[in-house]
Amino acid sequence: RFPVFDLSDAANDKFLEVFARKKFKYVYGYTNSIVLFCRYLLRKEIVLNTVCPSIRCVMVTSEMCTPDDKLLIEKATGVPCVIEYGASEFGIIAYQKPNGFLKISEELIYVETNSKDEIWITSLFNKAFPFVKYNIADRGKLLTNELNELGISELMGRSDDTILLPDGRQAAGLTMYYCSRKILESFTS
């Protein structure tokens, strides 16, 4: 997993050293962090599976992974990129099957869309803090495949920016969330 607090070239140099030493089978993390690492690899003209031949796939989660991001990841790593669509409130909302179909996790959640294609989710098993018709702030179209599985297409939504820190380090935009939360919690404790 990639940390979100330092995505500088110096940090990426260290990540690359770890890949050269260990036999990882897959990479899993936030889309934004992995895209930044892959841009670093392309700048250095390195394909990850030549440094770490045991890598079989990259799985991105959380923020949106655009088709361009997916191509960039696959070019930089030399392995397939699999998309997982999720949210901290619900866990995995959908996952990409080998044929590219983004299947909704119907066992865990109920998903619906409105006339504006806004995605609304109801958690089926969260008894401690149930969500009923929660607007996830993403958009998409529901569809079914030949196996009558519910899926989602034309997904648009959360993507993260990169922030440049005064010391030159790069960090994922969601770092601001973690910092703000820490500051607010210090005032309430």
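A few remarks follow.
- Summing charges over neighbours of I55, with a neighbour being any other residue whose Cβ is under 11 Å away from its Cβ, gives +4 when K and R count +1 and D and E count -1.
- Global size of region 1-78 as Cα Rg and Dmax, reported in angstrom: 11.2, 31
- Shape of region 49-101, Cα gyration tensor, a/c cut at 1.5: prolate
- Partners of K127 within straight-line reach, counting lysines whose Cα lies under 20 Å from its Cα and excluding those fewer than 8 residues away in the same chain: none found.
- Relative packing of peptides 126-135, 82-91, 39-48 - highest average C-beta neighbours within 10 Å first: 82-91, 39-48, 126-135
- Other-chain or far-sequence residues with amide H under 5 Å of L150's (modelled H): I104
- Over 18 Å between alpha carbons, listed pairs K23/K70; K44/K75; K70/K97: K23/K70
- Dipole of region 1-152, positive direction: furthest Cα of L42, Y110, Y85, with charges on the beta-carbon: L42
- For region 2-112, the relative contact order is 21 percent, taking Cα pairs closer than 8 Å that sit 6 or more residues apart in sequence and dividing their mean separation by the residue count.
- Solvent accessible area, Å² - M156, 1.4 Å probe, full protein context: 110
- Across region 1-131 the C-alpha pair distances fall into 5 Å bins from zero in the proportions 2, 10, 18, 20, 16, 12, 9, 7, 5, 1, 0 percent.
The values are calculated or read from the model by the stated rules, or taken from the named source; none is laboratory data. Here the structure is a predicted model, which means the values were calculated and not measured. Please note: Cβ atoms are built from the backbone with ideal geometry, for glycine as well, and neighbour counts cover all protein chains shown. We work out accessible area using only protein heavy atoms, side chains counted, and drop any ligands, DNA or RNA first. Shrake-Rupley method; radii C 1.70, N 1.55, O 1.52, S 1.80 Å.
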